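Worksheet: one structure, shown below.
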Amino acid sequence: MDVIWAQSSAVTAREVGRLIAERDLAPTTVMTVLDRLTRKGFLKRTRDGRAWRYEPAESRDGYVAELMLEALDLTGDRSAALTRFAQAVSGPEAEILRRALTELEDE
Amino acid sequence: MITAAAMASLALVCAVGAWRLARARWTYRAPHVAIVLWQALGVTWGLAGTGALLAYALEPYGRGVLYGLHAFAVSAVEGGYGTPEPYDLPRIFALIAGLTTLSVLVVVLLTAGAQTLRARRRHRTLLALVAREDPEVPGVRVVDHPAAAAYCVPGLRSQVVVSKGTLQLLSSAELTAVLAHEAAHVRERHDLVLLPFAALRRALPWSRTVEDAQREVGLLVEMAADDVARRYCSPRRLATALLRFGAAGAIPTPHGALGAATPASAVMARVERLITPGPLLPGPVRYGIVAFSLTLTASAPLLWVMPH
């Protein structure tokens with residue numbers, strides 16, 4: 001996925017294979033992985049002659065943002081999918097915590 | 001009639017108990033015990049509430065709820081000649097209400113479970129794509145994002161995740177404390193404790209008691225994890241980590257108001273018991289509560305199978 005994100009345009013399976021040549025993967029392995037990522041909706045592909053050209057469905061930052069949205073419980077559905085350490089509080093409430101923190105550090 | 005009345009009062013006792021327990025403060029002195037009690041109250045409330053309706057409805061069969069349901073199913077298939085006395089209207093209403101409530105509870109629980117699993121699978125795939133390993137924190141996935149987040153994705157192979165913002169925010173001692181806290185969540189499968197309450201919340205979104213219950217159980221689970229973590233790290237560092245986290249505040253939220261912020265009081269309650277731990281609840285009291293919870297949990301199923 002990182003390899004494809006690094007490219008500016010859509011790539012074929014053969015090109016991906018060449019870009020990760022040091023991993024020494026069989027061309028079929030590369031194609032299987034690309035195919036699976038496509039089926040999961042992470043890649044989009046277009047016909048180019050006899051080969052498929054793959055490009056990311058969304059930017060890396062988009063996925064990071066989606067992860068964090070859930071991680072910080074900002075999706076609003078209060079799901080029990082993750083257990084979080086603590087949640088941030090806002091405005092005047094955060095001030096209470098900040099004061100408590102300075103007190104603790106001064107002791 | 002006695003079974004129905006017994007279960008109705010049991011359900012009522014559970015509802016009042018939950019209402020009282022949400023306001024109790026002794027729970028902070030023994031979070032693990034309180035969690036057990038909460039679970040017992042939840043299960044018993046559901047089983048006794050539906051059981052009371054069904055026991056009343058199926059009384060003509062004279063065989064208790066579970067066997068009565070079976071007899072009802074048999075007679076429904078065979079054309080309804082199984083009852084010694086004909087149904088009257090209230091019983092039919094009770095039967096419909098009981099069966100509906102029961103199936104709603106079961107369906108909601110199953111849906112919540114399935115949704116949670118799906119959300120986790122998606123989250124795991126995303127992590128596999130964008131998270132990285134960090135030599136500074138082995139075994140932990142790191143996401144490159146400036147906001148502070150630390151959490152675990154529970155499951156058979158649980159993953160602990162921290163954001164880059166967290167690594168910058170906390171000292172290494174504080175980070176150890178946070179990771180010990182998350183490891184406790186993983187080990188004690190706190191997600192399974194929270195799941196039924198989250199599901200119940202979805203089933204009864206207007207109920208204040210359910211809302212309080214979910215919030216309270218969520219807080220108790222955190223306290224339980226704090227208690228485990230303090231064995232492996234300095235409680236003071238865990239407390240400062242908590243405060244730093246809470247005060248880190250300013251997260252760029254795309255949907256502004258959606259970020260339901262937890263009140264500072266919840267964070268402060270956790271900090272206070274880390275810095276000045278209150279006396280533990282005396283042993284006999286703790287065992288008493290656990291024994292009471294077990295009896296309570298056993299009572300509803302017993303009433304279900306008991307013939308009239």
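Sub-7 Å Cβ pairs linking a first residue in the stretch B:184-201 that is at the interface with chain A (Cβ under 9 Å from one of its Cβ atoms) and farther than 15 Å from B:Trp38 by Cβ to a second residue that is assigned to a helix (DSSP H, G or I) and hydrophobic (A, V, I, L, M, F, W, C), at least 6 apart or interchain, are B:His185/B:Ala225, ordered by first then second residue.
Every residue in the stretch B:49-66 that is assigned to a helix (DSSP H, G or I) and without any contact (Cβ under 8 Å) to a residue 60 or more places away in the chain, please.
Keep residues of the stretch B:49-66 that are assigned to a helix (DSSP H, G or I), which gives B:49-57, B:59-61, B:64-66.
The answer is B:Gly49, B:Thr50, B:Ala52, B:Leu53, B:Leu54, B:Tyr56, B:Ala57, B:Pro60, B:Tyr61.
If the condition is being of a type in the set (A, V, I, L, M) and within 10 Å of chain A (Cβ to nearest Cβ), then the stretch B:113-145 contributes B:Leu117, B:Ala119, B:Leu126, B:Leu127, B:Ala128, B:Leu129, B:Val130, B:Ala131, B:Val143. Residues in the stretch A:16-64 that are part of a helix (DSSP H, G or I), more than 23 Å from the chain's Cα centre (by Cα) and at pLDDT 75 or above: A:Thr28 alone.
Residues are listed down the side, and each one gets a yes or a no for (1) touching a residue at least 12 places away in the same chain (Cβ under 8 Å); (2) buried (at least 18 other Cβ atoms within 10 Å of the Cβ); (3) closer than 30 Å to A:Lys40 by Cβ:
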| residue | (1), (2), (3) |
| --- | --- |
| B:Leu37 | yes, yes, no |
| B:Val77 | no, no, no |
| B:Leu99 | yes, no, no |
| B:Ser103 | no, no, no |
| B:Thr111 | yes, no, yes |
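Against the criterion of being more than 9 Å from every other protein chain (Cβ to nearest Cβ) and of a type outside the set (A, V, I, L, M), B:Ser163 does not qualify. Return yes when A:Arg98 is at the interface with chain B (Cβ under 9 Å from one of its Cβ atoms), under 30 Å from B:Thr276 (Cα atoms) and modelled with pLDDT of 70 or more and no when it is not. So A:Arg98 fits the description; yes. Being touching a residue at least 24 places away in the same chain (Cβ under 8 Å), in a strand (DSSP E or B) and of a type in the set (A, V, I, L, M) is the filter here, so list the residues in the stretch B:136-166 that pass it. Passing the criteria: B:Val137, B:Val140, B:Val142, B:Ala150, B:Val153, B:Val160, B:Val161, B:Val162. Taken over the stretch B:236-275, the criterion of being in a loop (DSSP other than H, G, I, E, B) and either among the aliphatic types (A, V, I, L, M) or at pLDDT 80 or above (or both) is satisfied by B:Ala248, B:Ala250, B:Ile251, B:Ala260, B:Ala261.
Looking at B:Ala184, B:Ala128, which is the one that is among the hydrophobic types (A, V, I, L, M, F, W, C), loosely packed, with under 14 Cβ neighbours inside 10 Å and either modelled with pLDDT of 80 or more or outside any strand (DSSP E or B) (or both)?
Of the residues listed, the single one that is among the hydrophobic types (A, V, I, L, M, F, W, C), loosely packed, with under 14 Cβ neighbours inside 10 Å and either modelled with pLDDT of 80 or more or outside any strand (DSSP E or B) (or both) is B:Ala128.
The values are calculated or read from the model by the stated rules, or taken from the named source; none is laboratory data. Owing to the predicted nature of the structure, the values given are computational and were not obtained by experimental measurement. With ideal geometry, Cβ positions are generated from the backbone for all residues, glycine too; neighbour counts draw on all protein chains shown.
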